[in-house]
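K.L.:
My structure is below; once you've seen it, I'll send some questions.
The values are calculated or read from the model by the stated rules, or taken from the named source; none is laboratory data. Here the structure is a predicted model, which means the values were calculated and not measured. As a convention, Cβ positions derive from the backbone with ideal geometry for all residues, glycine included, and neighbour counts pool all protein chains shown. For accessibility, only protein heavy atoms count, side chains too; no ligands or nucleic acids. Shrake-Rupley method; radii C 1.70, N 1.55, O 1.52, S 1.80 Å.
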Amino acid sequence: MGTRLNIGAPSDYRLARDVCSYGYFRLAPDRWDVDSQSLRTTFDLDDGPARAHIVEHDRGKLRVWFDRSLSHAEQRTARAYIRRMLRLNESQEDIAAFHSVDPRWKSSGRGRIFRSPTLFQDMVRTITSCNVTWKSTQNMNRRLCDVLGRAGAFPRPLRLARARAGTLRGRCRVGYRDRRLIELARLFASGQIDEQWLEDPEHPDEQVYRFLLKLPGIGPYAASNIMQLLGRYSRLAVDTELMRHGREVLGFAGTESEVIAQLQAHYEPFGKHRFRSYWFEMWTAYEAKHGPACQWQ
DNA sequence: GGTAGACCTGGACGC
DNA sequence: GCGTCCAGGTCTACC
């Protein structure tokens, strides 16, 4: 008999809208179940992997079923993972503050952007999304889980830190990212990356950004994206998607640096919420083209 | 400080 | 089926 957890969420939380808000919901081990409009994933917990099925039970109430019994310590860890993934730390007031700056998303309620259960997983996912098509990103993450994860869960830092570069390259198909991922995993495994320090609002964005830039495999785009994954939305993550959005959706023209300048000016009024304004603008354009993300197969 | 080219995978395309 | 080209962000060597 498995464990069932009830998890309280802000009353404005909507599982389908807020999970299907960022591409990571389609990366292993996460899987959105279109039929039941619920999230399935696997966590690597202290006593072993556990499959989780997260459903919206009622307004502001989530229910999670696990395929095995969890100890109390494991339940605490699983709750923390789920709260992080779903951004349940962002209150209704936080989202209202965003909507007061950018009212375009007030009626839909958009504001939370899905992320991973751990910062390590967010960083690995970001690195595997660099310099490749989305299909390759999906393949890399699936293989990392299949080859190095326990029962299909995402590998923990220590497991990745001890992996051989040849395994990552040959079996996980991460290419030149092999050594960079191992170095990053070693930094996590040895406690040299302090998530609390990175999230502490006392530390200015610029300081955190500079720290991230020094990490292996992380350049300007990845660092900016990790900033938003840390809940710091003031920076735009400049990649080809942003450039395409600027040219095709917003109609900006000129050289790359000229388009970037126009994008910076366009999002300037949204201040510390710049990334969210950009992201939901682009996500809305995606959905207009491909249908609601919660229906994507 | 700025820039060119290498690093890889996987898809598209031509033969 | 095979070879070639290209997209994609980071890193390093070089100016």
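K.L.:
Any idea which residue in region A:253-277 is farthest from residue A:205 (Cα to Cα), counting only those that are of a type in the set (A, V, I, L, M) and surrounded by 12 or more Cβ atoms within 10 Å (Cβ to Cβ)?
P.N.:
A:259
K.L.:
If you don't mind, another one. Which of the residues that make up region A:265-297 are at positive phi and part of a helix (DSSP H, G or I)?
P.N.:
Once the filter is applied, which keeps residues that are at positive phi and part of a helix (DSSP H, G or I), region A:265-297 yields only A:271.
K.L.:
Touching a helix residue (DSSP H, G or I) at 6+ places or on another chain (Cβ under 8 Å), hydrophobic (A, V, I, L, M, F, W, C) and open to solvent by 40 Å² or more (accessible area, probe 1.4 Å): which single residue out of A:101, A:55 fits that description?
P.N.:
A:101
K.L.:
Give me the pairs: first residue in region A:162-182 and more than 18 Å from residue A:135 (Cβ to Cβ), second residue part of a helix (DSSP H, G or I) and open to solvent by 100 Å² or more (accessible area, probe 1.4 Å), beta-carbon distance under 6 Å, and six or more apart or on different chains, which are they?
P.N.:
From residues that are more than 18 Å from residue A:135 (Cβ to Cβ), the pairs are A:165/A:179; A:178/A:169.
K.L.:
Taking the residues in region A:125-137 that are of a type in the set (S, T, N, Q) and within 9 Å of DNA strand B (Cβ to nearest atom) as candidates, determine which candidate is most open to solvent (accessible area, probe 1.4 Å).
P.N.:
The selected residue is A:131.
K.L.:
Shifting gears a bit: How do the pairs read when you match residues in region A:131-159 that are more than 17 Å from residue A:50 (Cα to Cα) and part of a loop (DSSP other than H, G, I, E, B) with residues anywhere that are open to solvent by 90 Å² or more (accessible area, probe 1.4 Å) and within 16 Å of DNA strand B (Cβ to nearest atom), using Cβ under 9 Å and keeping only pairs 6 or more apart or on different chains?
P.N.:
A:131/A:176
K.L.:
Does at least one position in region A:71-88 carry a residue that is more than 28 Å from residue A:278 (Cα to Cα), open to solvent by less than 10 Å² (accessible area, probe 1.4 Å) and out of contact with any Gly (no Cβ under 8 Å at 6 or more places or on another chain)?
P.N.:
Yes, the conditions are met somewhere in region A:71-88.
K.L.:
In addition: Are any residues in region A:169-180 within 15 Å of DNA strand C (Cβ to nearest atom), part of a helix (DSSP H, G or I) and of a type outside the set (Ser, Thr, Tyr), and if so, which ones?
P.N.:
Passing the criteria: A:169, A:175, A:177, A:178, A:179, A:180.
K.L.:
Consider region A:104-114. How many of its residues are closer than 18 Å to residue A:20 by Cα, among the basic types (Lys, Arg) and open to solvent by 10 Å² or more (accessible area, probe 1.4 Å)?
P.N.:
Number of matching residues: 2.
K.L.:
Of the residues that sit in region A:176-194 and are within 9 Å of DNA strand B (Cβ to nearest atom) and either in contact with a Leu (Cβ under 9 Å, 6 or more places away or on another chain) or among the β-branched types (Val, Ile, Thr) (or both), which one is nearest to residue A:126 (Cα to Cα)?
P.N.:
Residue satisfying both the conditions and the ranking: A:177.
K.L.:
From A:144, A:236, A:148, grab the single residue that is within 16 Å of DNA strand B (Cβ to nearest atom), of a type outside the set (Val, Ile, Thr) and within 17 Å of the chain's Cα centre (by Cα).
P.N.:
Selected residue: A:144, the only one of A:144, A:236, A:148 that is within 16 Å of DNA strand B (Cβ to nearest atom), of a type outside the set (Val, Ile, Thr) and within 17 Å of the chain's Cα centre (by Cα).
K.L.:
Mind telling me which of the residues A:50, A:28, A:96 ends up being outside any strand (DSSP E or B) and in contact (Cβ under 8 Å) with a residue 12 or more places away in the chain?
P.N.:
Sole residue among the options that is outside any strand (DSSP E or B) and in contact (Cβ under 8 Å) with a residue 12 or more places away in the chain: A:28.
K.L.:
Filter region A:185-237 down to residues that are of a type in the set (S, T, N, Q) and farther than 30 Å from residue A:266 by Cα and give me whichever is surrounded by the most Cβ atoms within 10 Å (Cβ to Cβ).
P.N.:
Here the residue is A:190.
K.L.:
Right, another one. Taking only region A:141-184 into account, find how many residues are open to solvent by 30 Å² or more (accessible area, probe 1.4 Å) and either within 21 Å of residue A:24 (Cα to Cα) or not β-branched (Val, Ile, Thr) (or both).
P.N.:
Of the residues in region A:141-184, 21 are open to solvent by 30 Å² or more (accessible area, probe 1.4 Å) and either within 21 Å of residue A:24 (Cα to Cα) or not β-branched (Val, Ile, Thr) (or both).
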